[in-house]
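Read through the structure below, which is laid out as structure tokens, and then see the notes.
The values are calculated or read from the model by the stated rules, or taken from the named source; none is laboratory data. Source: prediction; values computed, not measured. Reconstructed Cβ throughout: ideal geometry from the backbone, glycine too, with neighbour counts over all protein chains shown. With ligands, DNA and RNA removed, areas are computed over all heavy atoms of the protein, side chains included. Shrake-Rupley method; radii C 1.70, N 1.55, O 1.52, S 1.80 Å.
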Amino acid sequence: MRPDPGLVTTAGSWLRTSGEARFTPRFPAVPGTEYLVLGRPADGEAPWRELARAGVPTIELVSHTVVEKIDPGVDVVPANLLRFAVTFSAQMDEGSAAGRILLLDESGAVMPGVLLEMPPELWDRDRRHLTVLLEPGRIKRGLQPNLLAGAPLREGGTVTLAVDPGIRDAEGARMLEGAQRTYRVGPPIRSRIDPTQWQVRWPHAESDALVVRFDRPLDRALVRRYLHVVDAEAHEVAGRAVLDEDARRWVFTPEADDRDFALRVDVRLEDLAGNSVRRVFDRDLRRSEDDGIGGAHVVLTPGD
Amino acid sequence: MPSTATSTLLSAGPLLFAPELSSDGAAVLFAADVARATVFAFELPPETSAPEGAEVNVDGLGTKIASLLGVERDDAVIRGMTVHPASHAVYLSIARGRGAEAGPVVVRAGTDGGLGIVELDDLAVTSFQLDDAPADDDERQDFWLDGSDPTSQPREIHGVTLNIAQVPAQRSTVTGLAWVDGTLFVAGLSNEEFTSRLRRIAYPFDGSATETSVEIFHVDHGKYETQSPIRALTSFDGGSSILATYTCTPVVQFSVDDLRGEGLVRGRTVAELGPMNQPFSIVSYDRDGEEFLLVSNTRHPLLKIPAAAIGDQVALSVPLSDPESSLGVPREELDHPGVTWMANLDRGSVVVVQHEGDDTSLRTLHAEAL
């Protein structure tokens, strides 16, 4: 680094006393950054000259963060899979994930252009859960990225989602180690989620739980948000819910003894390929079965 | 819900000035705080109007911002840009630092080329929260007993200790802000649903907002219909139409009148970007009495589209990539490489952030060069 008259001075304030000038930066100094102190005579004509050089010591950050989970939690993903999700053991920094989550092919080579570029990084509010979208233009039939570069996943192959340990946690430290998960690629899923196709075992005795087996693996986060048990007045029933690792089986045990309830499915619930109850991810206008449905909910009752 | 903010931004995101000044000359700066899924509206004191023909040009922008903020160049990243309606100063939203030292800063680049920090803390501010944020003492009706979730915590219920997982809180990320027809439009992605909802928020914030789902037809023989999050948008044709770029890359027109928050709105695809590319920024400008739209991309050249051709165009039925296509909107690729962020200086000029060598610059591009 050399003094350059075009450079902008660092924001902060100077306090000058006899024989001393003290600089207080406007923003906290970042470890590992080097600063130059330049000066020139008061007439302002002479060139700037380096007076001192101050480095902020680098802090040795302790790596402790690991990946706790990679979703989907299935072994076989549809060829039109829309998203992965990575759960970290600690709160993460926003802005370091770009280029550090990669999809690898069978040979371990990076598959370029298959994941949606970051930013934006799709963190949850706690910044421990990062959603990684596959490039939707590559998945959707008929779009230029799909026509020119093909679908991102090939049925019958395998892909590996790899998380590079260079992603930083909220303290700025690299991760303790990276992580990866390999999937086989199955056939695409191109139909709406149809809750009437679910196998529902309604409880009969007080000790029974409600057991729902979906027609396909669903998106874990959206099952939590959009699947509710409601009573006769449409109020949500409190209880304990367990979603299996592969997001296909959901067991709900109500707190109270009353078993007179219904299952309310928000039409925004999505599967692994982004198909919702309301609509197919990319709807083929020639297929009437692809037509979307209206309304905000589908309600399943024991009489169905 | 609207509220008076008690603290300033936690994270850097898109910026936008409301085009109209108040009677005393104050301007309203909208700043998206991605971490809190909130849009803040800061009231800025009056600034001196720019003289006729004033431009904003800054060489070595990346280096200068880093020096101003006291960080290495990689630790100062532009996350948003807008132009002050009176002074024509460029306001840049910057993510500064990393890890524990990370934080947002708004930097002002004046028509004299000088850079300064915009002190937001002392300004009057209101805010609008995009998601229903869970309260700290949120007592959910559903407990999640999820052994597969590593975030689960032991919790005692009715004398029995169970492993309870917290439902991760949804968060919307803001990718674009636009002022259309007197209201603020907010485009973005959710970390959960792959949704196309476009929010239209009244300002001053009164808690009201409408959301519309904008469906689009694919151009491949009109076979497919889809939804996708909007990446960036701008109004044109006197505020009656919107041109939006989508995450799955089509550039789509729809009518402002249709955005009533009821049912679905269908947009018309007027152009498509190719693979390995994402739309970045979109603006409208006038040249020789005609209106044009500019779309910047992460990898492809600047795309220029005449507004009149969009209105005249019938629904697309053949791929736009087909050179024989007679139905596609005429469009032109401009030779201004490396342009990312764009904002109108006025109707006849656009300020852009442009990559040059290993640095960036701010450049004012006049309509004659576009």
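Would it be correct to say that A:Val265 is buried (at least 17 other Cβ atoms within 10 Å of the Cβ), closer than 26 Å to B:Ser190 by Cβ, modelled with pLDDT of 90 or more and in contact with a His (Cβ under 9 Å, 6 or more places away or on another chain)? So that I can check it myself, show each step before the final result.
Values: buried (at least 17 other Cβ atoms within 10 Å of the Cβ): yes; closer than 26 Å to B:Ser190 by Cβ: yes; modelled with pLDDT of 90 or more: yes; in contact with a His (Cβ under 9 Å, 6 or more places away or on another chain): yes.
Taking the combined requirement at face value, the residue satisfies it.
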Task: the stretch A:215-234 residues that are more than 14 Å from A:Asp194 (Cα to Cα), paired with ones that are aromatic (Phe, Trp, Tyr) (beta carbon under 6 Å, 6 or more apart) - done: A:Val229/A:Phe252; A:Val229/A:Phe261; A:Asp231/A:Phe261
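Has the stretch B:222-245 got at least one residue that is more than 21 Å from B:Asp335 (Cβ to Cβ) and of a type in the set (Asp, Glu)? Don't jump to the end; show me each part of the working.
Of the stretch B:222-245, the ones more than 21 Å from B:Asp335 (Cβ to Cβ) are B:222-244.
Then keep just the ones that are of a type in the set (Asp, Glu); that gives B:225, B:237.
The answer is yes, given that some residue of the stretch B:222-245 is more than 21 Å from B:Asp335 (Cβ to Cβ) and of a type in the set (Asp, Glu).
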Task: Hits in the stretch B:273-291 (condition: in contact with a Leu (Cβ under 7 Å, 6 or more places away or on another chain) and either on the phi > 0 side of the Ramachandran plot or within 14 Å of chain A (Cβ to nearest Cβ) (or both)) - done: B:Gly274, B:Pro275, B:Pro279
Task: Output for the stretch B:73-116, where each listed residue is surrounded by fewer than 21 Cβ atoms within 10 Å (Cβ to Cβ) and touching a helix residue (DSSP H, G or I) at 6+ places or on another chain (Cβ under 6 Å) - done: B:Arg73
TODO: State whether the residues of the stretch A:239-253 include one that is touching a Lys or Arg at 6+ places or on another chain (Cβ under 8 Å), more than 19 Å from A:Asn80 (Cα to Cα) and open to solvent by 10 Å² or more (accessible area, probe 1.4 Å).
DONE: yes
- [ ] Give the residue, chosen from A:Gly99, A:Gly44, A:Gly19, A:Gly113, that is under 26 Å from B:Arg171 (Cα atoms) and either modelled with pLDDT under 90 or buried (at least 17 other Cβ atoms within 10 Å of the Cβ) (or both).
- [x] A:Gly113
- [ ] Output the residue which, of all residues in the stretch B:266-295 that are under 26 Å from B:Thr82 (Cβ atoms) and modelled with pLDDT under 90, is nearest to the chain's Cα centre (by Cα).
- [x] B:Phe280
Task: Meets criteria (touching a residue at least 24 places away in the same chain (Cβ under 8 Å) and farther than 25 Å from A:Gly95 by Cα) for B:Glu47 - done: yes
Task: Residues within the stretch A:119-128 that are crowded, with 18+ Cβ neighbours inside 10 Å and under 28 Å from A:Ala151 (Cα atoms), tallied - done: 5
TODO: Identify, from the list A:Val77, A:Val67, A:Val56, the residue that is open to solvent by less than 80 Å² (accessible area, probe 1.4 Å) and away from chain B (no Cβ under 12 Å).
DONE: A:Val77
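Looking at the stretch A:102-115, which of its residues are within 22 Å of A:Arg128 (Cβ to Cβ) and either more than 12 Å from chain B (Cβ to nearest Cβ) or of a type in the set (D, E, K, R) (or both)? Walk me through it before giving the result.
Looking only at the stretch A:102-115, we keep the residues that are within 22 Å of A:Arg128 (Cβ to Cβ), and these are A:102-103, A:115.
Hits for the stretch A:102-115 are A:Leu102, A:Leu103.
Residue check: is A:Gly292 within 11 Å of chain B (Cβ to nearest Cβ), at positive phi and touching a residue at least 60 places away in the same chain (Cβ under 8 Å)? Show your work before the answer.
Working: within 11 Å of chain B (Cβ to nearest Cβ): yes; at positive phi: no; touching a residue at least 60 places away in the same chain (Cβ under 8 Å): yes.
Criteria not met by A:Gly292.
For B:Ser213, are the conditions met, namely being at the interface with chain A (Cβ under 10 Å from one of its Cβ atoms) and open to solvent by 10 Å² or more (accessible area, probe 1.4 Å)?
Details: at the interface with chain A (Cβ under 10 Å from one of its Cβ atoms): yes; open to solvent by 10 Å² or more (accessible area, probe 1.4 Å): yes.
Taking the combined requirement at face value, the residue satisfies it.
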Open item on the list: It is to be established whether one or more residues within the stretch A:102-114 are touching a residue at least 60 places away in the same chain (Cβ under 8 Å), in contact with an Asp or Glu (Cβ under 7 Å, 6 or more places away or on another chain) and not in a strand (DSSP E or B).
Closed with: no
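Mind counting the residues in the stretch A:262-293 that are in a loop (DSSP other than H, G, I, E, B) and in contact with a Leu (Cβ under 8 Å, 6 or more places away or on another chain)? Steps first, answer last, please.
Our first condition is that a residue be in a loop (DSSP other than H, G, I, E, B); within the stretch A:262-293, this holds for A:267-269, A:272-275, A:277-281, A:285-287, A:291-293.
Right, trim to in contact with a Leu (Cβ under 8 Å, 6 or more places away or on another chain) and you get A:268-269, A:272-274, A:277, A:281.
Selection size over the stretch A:262-293: 7.
Mind checking whether some residue in the stretch A:187-204 is aliphatic (A, V, I, L, M) and facing chain B (nearest Cβ under 8 Å)? Walk me through how you get there before you give the answer.
Taking the stretch A:187-204 and keeping what is aliphatic (A, V, I, L, M), we get A:189, A:193, A:200.
Narrowing further to those that are facing chain B (nearest Cβ under 8 Å): none.
The answer is no; no qualifying residue exists.
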- [ ] Could you tell me which numbered condition A:Gly303 fails, if it satisfies all but one of (1) without any contact (Cβ under 8 Å) to a residue 40 or more places away in the chain; (2) more than 11 Å from chain B (Cβ to nearest Cβ); (3) open to solvent by less than 30 Å² (accessible area, probe 1.4 Å)?
- [x] (3)
Open item on the list: For the stretch A:144-215, give me every one of the strands (runs of 3 or more DSSP E) that falls completely inside it and has 2 or more residues that are surrounded by 17 or more Cβ atoms within 10 Å (Cβ to Cβ) and assigned by TED's automatic domain parsing to the domain that holds A:Ile101.
Closed with: A:158-163, A:179-186
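Which of the strands (runs of 3 or more DSSP E) contained wholly in the stretch B:142-227 include at least 3 residues that are at pLDDT below 60? Step through it out loud before you land on a result.
Details: elements: B:142-145, B:153-157, B:160-165, B:172-180, B:183-190, B:197-201, B:209-217, B:224-226.
Fully inside the stretch B:142-227 and qualifying: B:142-145, B:153-157, B:160-165.
Please go through the stretch A:85-101 and pick out each residue that is away from chain B (no Cβ under 12 Å) and in a strand (DSSP E or B).
A:Ile101
Looking only at the stretch A:162-177, which residues are away from every other protein chain (no Cβ under 14 Å) and either charged (D, E, K, R) or free of Cβ contacts under 8 Å to residues at least 60 places away in the same chain (or both)? Even if it seems obvious, please write down each step before you answer.
Restricting attention to the stretch A:162-177, the residues satisfying the condition of being away from every other protein chain (no Cβ under 14 Å) are A:162-165, A:176-177.
Correct list: A:Asp164, A:Glu177.
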- [ ] Read through the list (1) more than 8 Å from every other protein chain (Cβ to nearest Cβ); (2) over 18 Å from B:Pro51 (Cα atoms); (3) in a strand (DSSP E or B), then give the number of the only condition that B:Glu119 fails.
- [x] (3)
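Can you go through B:Ala37, B:Ala26, B:Ala66 and tell me which one is among the hydrophobic types (A, V, I, L, M, F, W, C) and either open to solvent by 10 Å² or more (accessible area, probe 1.4 Å) or out of contact with any strand residue (DSSP E or B) (no Cβ under 6 Å at 6 or more places or on another chain) (or both)?
It is B:Ala26.
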